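All remarks here apply to the structure that follows.
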Amino acid sequence: MGSEPVLETSLFPSVYQRFLPAIRVKCRRILTQAEDAEDVAHESFVRLLQNGPTWTGDEDTPVVMAWLYRTCTRLAIDTLRSRARLTLSDDLARDDQHGCWPGGVALESAIASRRLVSMLCQRVDGEELESAVLCRVDGLSQTEAAAVLGVSERTVRRLLDRFDDEVKLWREELGS
């Protein structure tokens with residue numbers, strides 16, 4: 001048995017052109033840094049070519065899109081967790097002479113937000129974080145998130161409830 005790509009390579013350019021815009025937007029919504037978002041979007045397509053479901057036409061669109069959504073969400077979460085391990089000196093190196101991030105966000109606010117996101121990524125289970133990103137960041141319904149994750153709607157509700165409980169506990173610990 002060889003390790004041939006699941007998606008026929010001759011079809012890959014059309015799949016890439018069709019789905020890249022949506023995946024790119026999704027990655028940018030999760031990851032504020034454009035370079036990271038582009039890397040995650042493209043890595044998702046590399047993995048699609050290597051291990052993804054087949055796509056022969058429009059009838060396969062929901063399966064392929066769900067697979068890409070799930071893959072890029074997981075890769076984006078991995079990227080967020082990697083960022084959490086960065087030191088604040090990396091953040092300070094990006095500061096411009098006015099003490100602001102690009103877009104006018106105050107440096108102190110950006111660093112504090114990054115710390116909070118980093119702490120949350122370390123505390124929350126991967127499945128809980130995936131469901132929260134899909135429902136709360138991407139705006140998918142619980143039914144849509146269940147289809148993307150390949151679980152029941154009840155499981156998505158349970159994951160979101162656990163996520164909410166963890167955030168509530170975390171906020172109490174922070175005193176906010």
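The values are calculated or read from the model by the stated rules, or taken from the named source; none is laboratory data. Values in this document were obtained by computation on a predicted structure and should not be read as measured data. Cβ atoms come from the backbone with ideal geometry, glycine included; neighbour counts cover every protein chain shown.
Tabulated results
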item: Boolean, L116 is hydrophobic (A, V, I, L, M, F, W, C), surrounded by fewer than 17 Cβ atoms within 10 Å (Cβ to Cβ) and modelled with pLDDT under 85; result: yes
item: Some residue of region 144-158 being in contact with a helix residue (DSSP H, G or I) (Cβ under 8 Å, 6 or more places away or on another chain), modelled with pLDDT under 85 and surrounded by 16 or more Cβ atoms within 10 Å (Cβ to Cβ); result: no
item: Output for region 122-141, where each listed residue is assigned to a helix (DSSP H, G or I) and surrounded by 18 or more Cβ atoms within 10 Å (Cβ to Cβ); result: E128, L129, E130, S131, A132, V133, L134, C135
item: Meets criteria (within 25 Å of A41 (Cα to Cα), at pLDDT 85 or above and of a type in the set (K, R)) for R74; result: yes
item: Identity of the residue in region 121-176, of a type in the set (S, T, N, Q) and within 20 Å of I30 (Cβ to Cβ), that ends up nearest to the chain's Cα centre (by Cα); result: S131
item: Residue selected from region 34-60 under the condition in contact with an Asp or Glu (Cβ under 9 Å, 6 or more places away or on another chain) and part of a loop (DSSP other than H, G, I, E, B), by the criterion modelled with the highest pLDDT; result: P53
item: Pairs, first closer than 11 Å to Y16 by Cβ in region 36-59, second charged (D, E, K, R) and part of a loop (DSSP other than H, G, I, E, B), C-beta under 9 Å, six or more apart; result: W55/E8
